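Q: Questions regarding the structure given below will be posed in turn.
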Amino acid sequence: MFNKLKLVTRYLRDESRRLKILCFTVLFSRKRKKNRNNIDLSSVKKVALLRYDGKLGDAIMMCSLIDIIERNSPDIELTLFSSSTLVNEWVKKISGKIKIIECEHKKKLSPDFFGKFSNYFDVAVELKHSLDLKDIKILHSLNSKINIGYAKNSIFDIVIPGEFKSSRDRQIKAASIILGKDIILTRIPPPKIDKDFGFIEFERKTIAFNLFGANKYRSFTFDSAVKLINNWLAEWPDEKIILIPVPGKIEFLAKLESIFSNKNVFLPKQDPSLDLSLFILSKCDLCFTPDTSVVHMASALNTPTLAIYHDNIANYEGWKPLSDNSRTVFYKEMANEVDRGYVSDFDWHQLVLVKNDMKI
């Protein structure tokens with residue numbers, strides 16, 4: 001009974017959201033815009049990039065666009081709307097030129113804030129797979145001359161074709177459209193690592209472990225983490241595991257390290273930071289992680305990656321690992337029509353086969 005109630009509540013919530021989005025899409029449609037069919041990108045000088053949701057993984061992919069435009073047309077002014085210091089830190093590792101406008105978190109964000117920039121930008125880029133109500137209102141408030149997007153929504157003047165399923169490829173295509181020429185880019189631009197943590201030893205084959213994703217379904221519980229590490233050390237006893245420090249999870253990780261009272265499991269005692277994570281990922285032999293921003297950090301560094309993703313091909317095509325040597329093990333997305341599957345539900349024997357095939 002409780003599960004059915006959850007299912008009905010979820011349906012009503014989603015349906016209400018869908019109707020609101022439909023209403024505002026029609027209200028703010030660009031189809032009535034004058035000269036909409038005469039889009040001229042030859043004189044683009046100011047481009048707005050929207051990353052106010054604070055998602056680091058999206059920002060890492062967006063840096064492909066930033067890098068392409070700065071290398072090919074440095075006179076174009078790029079402005080990033082961001083709500084995350086972590087996003088800002090990453091972008092600054094790629095670009096020393098981009099202008100960053102800090103804004104509140106999306107839940108508190110007012111479209112009036114973006115209205116201050118109405119008519120200022122030649123192009124606004126928003127390449128999410130789907131838009132929510134806030135996105136539509138903000139794009140309308142910005143009122144850029146040209147909106148470029150991926151979602152099929154009439155708020156966009158130019159829509160990236162659906163075959164560009166990878167988030168990175170969408171960014172490259174958007175940059176090509178703005179520049180008016182096809183661009184080929186095979187790698188995500190690598191970040192600068194500004195700090196050295198040379199006292200962390202990598203004297204033997206080392207595996208960087210990230211155990212946490214964006215939600216509880218993509219994160220290992222303490223018991224499942226213990227089981228995972230026990231299995232790993234039994235299968236590969238000569239490997240060293242470094243636990244990547246994560247804000248808010250240090251007590252969890254310290255307790256985990258204490259259980260394995262040997263030198264094969266190590267937690268750096270430094271405070272969590274982007275540079276610390278990047279240093280570990282740049283030195284390790286393999287990154288093991290669920291589907292989260294760590295995948296994309298490893299991709300930018302071209303670190304061999306073994307990732308755990310839920311069995312959803314659309315999500316995977318959009319956000320899969322892009323390191324030259326990477327593999328993925330899948331777990332079922334839905335346990336039933338209410339509850340999702342958990343990242344720890346993957347097949348251990350499948351992981352062993354996949355990892356051994358990587359020849360790390």
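Q: Placing +1 at every Lys and Arg Cβ and -1 at every Asp and Glu Cβ, with all other atoms neutral, what dipole size does the stretch 170-233 have around its Cα centre, in debye to the nearest 20?
A: 340 debye
Q: Related question: Take the eigenvalues of the Cα gyration tensor for the stretch 69-153, scale each by 5, and report the square roots as semi-axes in whole Å, largest first.
A: 21, 16, 13
Q: Further, regarding this structure: At a temperature of 4 °C and a viscosity of 1.567 mPa s, determine how fast the stretch 211-257 diffuses translationally according to Stokes-Einstein, using the Kirkwood radius over alpha-carbon pairs as Rh; express D in µm²/s, rounded to the nearest whole number.
A: This corresponds to a translational diffusion coefficient of 113 µm²/s.
Q: Going by alpha carbons, how many degrees (0 to 90, nearest 10) lie between the helix axis of 85-94 and the longest principal axis of the chain?
A: So the helix axis and the longest Cα principal axis differ by about 80 degrees.
Q: Output the direction-averaged projected area (hull surface divided by four) of the convex hull of the alpha-carbon atoms of the chain, in nm².
A: The orientation-averaged projected area of the Cα hull of the chain comes to 19.5 nm².
Q: Which residues among the stretch 211-246 fall inside the zone where the amide N is under 19 Å from a point 7 Å beyond the Cα of SER258, along Cα→Cβ?
A: 221-227, 229-230, 243-246
Q: If R₀ is 25 angstrom, what is the calculated FRET efficiency for the pair SER110 and ASP271, using the beta carbon separation as r and rounding to 0.05?
A: The pair SER110/ASP271 has a calculated efficiency of 0.15.
Q: Now a separate question. Greater than 31 Å separation of Cα atoms is the criterion. Which listed pairs, LYS93/LYS249; LYS128/LYS227; LYS55/LYS255, meet it?
A: Where the Cα-Cα span goes over 31 Å, the pairs concerned are LYS128/LYS227.
Q: Return the ratio Rg/(2.2 N^0.38 Å) for the stretch 179-269, where Rg is computed over Cα atoms only.
A: Rg over 2.2 N^0.38 Å, computed on Cα atoms: 1.40.
Q: Evaluate the stretch 221-358: find the radius of gyration of its Cα atoms, find its Kirkwood radius, and give the ratio Rg to Rh.
A: So for the stretch 221-358, dividing Rg by the Kirkwood Rh gives 0.95.
Q: Using a Förster radius of 56 Å, what is the FRET efficiency between THR328 and LEU22 based on their Cβ-Cβ separation? Nearest 0.05, please.
A: Computed FRET efficiency for THR328 and LEU22: 0.95.
Q: On a 0 to 90 degree scale, rounded to 10, what angle separates helix 222-235 from the longest Cα axis of the chain?
A: Roughly 60 degrees, rounded to the nearest 10.
Q: Roughly how much of ASP345 is accessible, in Å² to the nearest 10, using a 1.4 Å probe?
A: Approximately 90 Å² of ASP345 is accessible to the 1.4 Å probe.
Q: Further, regarding this structure: Under the 0.36 nm per residue contour assumption, what length would be gained going from the current alpha-carbon distance of ASN315 and SER42 to full extension?
A: Full-extension gain reported as 94.9 nm.
Q: Moving on to the next point. Please report the accessible area of PHE28 (heavy atoms, 1.4 Å probe, ligands and nucleic acids excluded) in Å², nearest 10.
A: Counting only protein heavy atoms, PHE28 exposes about 30 Å² to solvent.
Q: Angle between the Cα long axis of helix 274-283 and the longest principal axis of the chain, 0 to 90 degrees, nearest 10?
A: 60 degrees
Q: Follow-up. Projected onto the charge dipole of the stretch 163-269 (+1 at Lys/Arg Cβ, -1 at Asp/Glu Cβ, origin at the Cα centre), which of GLY180, PHE197, PHE220 gives the Cα projection farthest towards the positive end?
A: GLY180
Q: Right, another one. Note down the accessible area of ASP347, probe 1.4 Å, to the nearest 10 Å².
A: 80 Å²
Q: Okay, next question. Can you work out the FRET efficiency for the pair ASP223 and LEU353, with r the C-beta to C-beta distance and R0 = 30 Å, to the nearest 0.05?
A: 0.80
The values are calculated or read from the model by the stated rules, or taken from the named source; none is laboratory data. Please read these numbers as outputs of a predicted model, since none were measured by experiment. Note that we place each Cβ from the backbone using ideal geometry, even for glycine, and neighbour counts take in every protein chain shown. Note: areas computed on protein heavy atoms with side chains; ligands, DNA, RNA excluded. Shrake-Rupley method; radii C 1.70, N 1.55, O 1.52, S 1.80 Å.
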